[in-house]
Structure formats: C-alpha cells, structure tokens
1. Is at least one residue of segment 97-113 touching a helix residue (DSSP H, G or I) at 6+ places or on another chain (Cβ under 7 Å) and either part of a loop (DSSP other than H, G, I, E, B) or not assigned by TED's automatic domain parsing to the domain that holds L45 (or both)?
2. So, restricting to helices (runs of 4 or more DSSP H) that lie completely within segment 212-325, which ones have at least 2 residues that are at pLDDT 95 or above and more than 28 Å from A71 (Cα to Cα)?
3. Based on what the data block shows, is L45 in contact with a strand residue (DSSP E or B) (Cβ under 7 Å, 6 or more places away or on another chain) and either acidic (D, E) or at pLDDT below 95 (or both)?
4. Can you pull out the strands (runs of 3 or more DSSP E) entirely within segment 126-200 that have at least 1 residues that are of a type in the set (G, A, S) and farther than 30 Å from L22 by Cα?
5. Mind telling me which of the residues A245, A216, A194 ends up being out of contact with any Gly (no Cβ under 9 Å at 6 or more places or on another chain) and in contact (Cβ under 8 Å) with a residue 40 or more places away in the chain?
6. Test of understanding: among L252, L307, which residue is within 12 Å of G180 (Cα to Cα), in contact with an Asp or Glu (Cβ under 9 Å, 6 or more places away or on another chain) and outside the structural domain of V89 (by TED's automatic domain parsing)?
7. Scan segment 68-94 residue by residue and report those that are surrounded by fewer than 19 Cβ atoms within 10 Å (Cβ to Cβ) and more than 12 Å from D152 (Cα to Cα).
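The values are calculated or read from the model by the stated rules, or taken from the named source; none is laboratory data. Predicted, not measured: the structure shown is a model, and the values here were computed from it. Quick reminder, even Gly has a Cβ in these numbers, built from the backbone with ideal geometry, and neighbours come from all protein chains shown.
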Amino acid sequence: MDPLTYRAAGVDIRAGDEAVRLIKPLAASTYRREVLGGVGAFAALCEMPAGYREPVLVSSTDGAGTKVKVAVLADRHDTIGIDLVAMGVNDLLAHGAEPFYFLDYLAVHRVDPARIETIVSGIARGCREAGCALVGGETAEMGDLYAPGEYDLAGFAVGVVEKSRIITGEGVAVGDRVLGLASSGLHANGYTLARKALIDRRGLKLDEPIPGVGRALGDELLEPTRIYVKPVLELLRHVPVKAMAHVTGGGLTENVPRVLPEGRVAAIAPRSWPVPPVFGVIQQAAGVDDDEMRRTFNMGVGFVIVLARADVERAAAILREADEQVFEIGEIRAGERGVRYG
C-alpha cells in the first residue's frame, strides 16, 4: 500500500510556504511604526499608537460575501481584498476609530501561490488606503469543503479611538442633518440578488455591457468598495460629528437606525442624491419594489454622517476637498427610531 502523505490527501504544504514567501513583502508594504516583527511568527505584535490618553480598541470582523463568487466567475482576484478591508475599516470608522491593524483568513480548495498573491495584493492595497497594517493571516487549504477554483475570505480589523471621542449617536437631536457620501457601486452587499437577477434571470454575461449603464457587468460588479477612512478622520479633526453609519447589508433602512437614540427618526429624501443606474437595472430584472431595494443595497450612499445644521457647510467642504461626493440627504425628526422616506 502506498503511503498516504498530507499532499496526497489534499494539502500541499510546500505550495503554502511559497504563498507565504510571495505575500510577505505585500504585508510589509502596509506596516506602521507600531508593528513589531513580521509575518511568520505565531502571532502579530503591535505597540499601542502614541498620543492617546485613554485609548480604546475597536474591533470588527466581516467578509466579502458572495462578491467572491463573481470574482471566481470572472477569474479576477486583484480587488476582492479591497472589499474585504473596506468592510472592516469602514465599520471601525463609524465609531470614530482610526484603523490600526488587519488580519485576513483565506480558505481555498487548493493553494495556488500566484492567485493568493493576487488576492493579498488587494488586501494590502486596501490596508494602505486605510492607513492600517496587514500584520498576519491564515491560508487554509480545504479541498473537501470547497470546489475547485472556489475560495472564501474573512477579515479582522482593529482600530483605536480616544475614549472621550467615541461616536455613539447618543447626542443626535431633532433638526440635525444627515449627510451621505457616495458609494462606488454595490460595494459588497446584495450580490446574491444582483447575480441572480442580472446573470440568471436577465442572462447577461460578465463581459457584456449592462443596458443603460454602458459598462461591462463584470467591471460594475467588481468595482471595489470605497474606503472612507482618511477623509472622515480628517473631518473629525475639525467638525463635531454626532453619529456615523457604514451602509452595508440592510441599506440605509437598517443601518442608520443603529446609531440613532430612541425617539429620533431619520427623514431621508430619496431624490436628494443620484442613484447609480445599475440599481435600476437590478430592480427591473428582479421585479422588486423600492422598499426591497433600499433594504438590500446602499443605492449610491455608502456612508452616513449626522451633525448639527450649523456644521453642514464646513463638513461638506472638507469632504469634497478630499474628493468625496457629498449629499445632504435628510434630517433628524422626533419619532419612533428608524428611517422614513419621503
């Protein structure tokens, strides 16, 4: 009987070692001065950033959802890591935290060092954009769980914020204004519906232009999630912000109420910003109403900021200076906590 080695059973340790060799310089390109050591130890070590009197660590974990399936179908893997980072660091940002470090978990059918390097290059790019360090991760080869070519991603983001500057939404008052920052598209939410509506039902191919959009379906669906970290951290240095929300699964409908106190409702004017045309194509193909779309997609607004009316003009100027598209999309009123459109 031939020996049953680990490689014969389905796990290639040498390929894993080669993948680590390729991604080490990618991780190093993201390092902050607080990082001690490098990739390869049993755990990552980081000193606490200087300048904080009462630092509070803020953490988040998330994935890129079924957007990964689109990347696999298109065989394009260089930007899905940006989405992974964005999901975590934008969540930290909603509490006023500066992203500090990031770790990734990549589960694959088989270790393909070149593909892993491509995926991690996107993660490193996202970390550099967010100003956080990629300090480690894990690649798991699991041919018994994933079909050939398939993989999944998870990310773990840690940030830091001064205790006195944590943004909770407790001070949101009637008359405050709601600003929306433009999304870059679907970001990383609603892809199961989008894929089934546009590919399965409408029959579009990934290399085919979307009618009314003028862009190939694959390009539109794989557009990376916008990372709002640097512009919003700059805003926080100059303007008092009362609440912020990262608009992910659940859209404005479900995410904005998470940062409102009891007795406050966000009155949103849905015509106050331009909705990217891809959402209209999805809605038509899926045959769903406006409420379903607003509960599933960001509809063109990826991040929300609530602040006093007197601070709106200054805040908008700071954000636009940082190349953000800013829209005043609503106001805070008295009422049952939630979102009201109209």
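1. Yes - at least one qualifying residue is present in segment 97-113.
2. Because the criterion is at least 2 residues that are at pLDDT 95 or above and more than 28 Å from A71 (Cα to Cα), the helices (runs of 4 or more DSSP H) in segment 212-325 that meet it are 229-236, 312-321.
3. Taking the combined requirement at face value, the residue satisfies it.
4. 177-182
5. A194
6. The conditions single out L307.
7. L73, A74, D75, R76, D78
Matching residues to (1) under 30 Å from E220 (Cα atoms); (2) in contact (Cβ under 8 Å) with a residue 24 or more places away in the chain; (3) under 25 Å from the mean Cα position of the chain (by Cα); (4) not assigned by TED's automatic domain parsing to the domain that holds T139:
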residue	(1), (2), (3), (4)
K24	no, no, yes, no
V35	no, yes, yes, no
F42	no, no, no, no
Y52	no, yes, no, no
S60	yes, yes, yes, no
V70	yes, yes, yes, no
A74	yes, yes, yes, no
D78	yes, yes, yes, no
G81	yes, yes, yes, no
